Amino acid sequence: MLFLVICYLYNFWEEFIHLYFHKKSNLFIIKLNLFKHLKEHHRVHHYIYNSNYGIGTTLWDYVLGTKKHAE
Ligand SMILES: [Zn+2]
């Protein structure tokens, strides 16, 4: 049961943050360094093929070798 709750919360986090990556807003979260870091990570995903699949975290891109930085 705990696993399902964690999956649900993580999915909510990903959908929520992905929405604000692509939407103009004054929501407090866009001022956080974590948000800026994840948004840059995601921005690279949109123009470098096969990279930066993570939305809510960059962890798995480091583990799986798909992490790329902007050139
Ligand atoms: Zn996107």
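A few notes on this one:
- Straight-line reach from residue 23: taking Cα to Cα under 19 Å and skipping same-chain neighbours fewer than 8 places apart, the aspartates and glutamates in range are 14, 15, 40.
- Whole-percent pair-distance distribution, where bins are 10 Å wide, for the alpha carbons of the range 2-64: 21, 50, 27, 3
- The chain, helix-only ellipticity at 222 nm - DSSP H runs n ≥ 4, -39,500 (n - 2.57), divided by all residues, nearest 500: -17500 deg cm²/dmol
- In the chain, chymotrypsin sites (Phe, Trp or Tyr not before Pro) in a DSSP loop with at most 12 other beta-carbon atoms within 10 Å: 47, 49
- Residues of the chain: accessible area per residue with a 1.4 Å probe, Å²: 78
The values are calculated or read from the model by the stated rules, or taken from the named source; none is laboratory data. Just so you know, these numbers come straight off a predicted model, no measurement behind them. Note: ideal-geometry Cβ built from the backbone for every residue, glycine included; neighbour counts use all protein chains shown. Ligands, DNA and RNA are stripped out before the accessible areas are found, and what is left, the full protein with its side chains, is counted by its heavy atoms. Shrake-Rupley method; radii C 1.70, N 1.55, O 1.52, S 1.80 Å.
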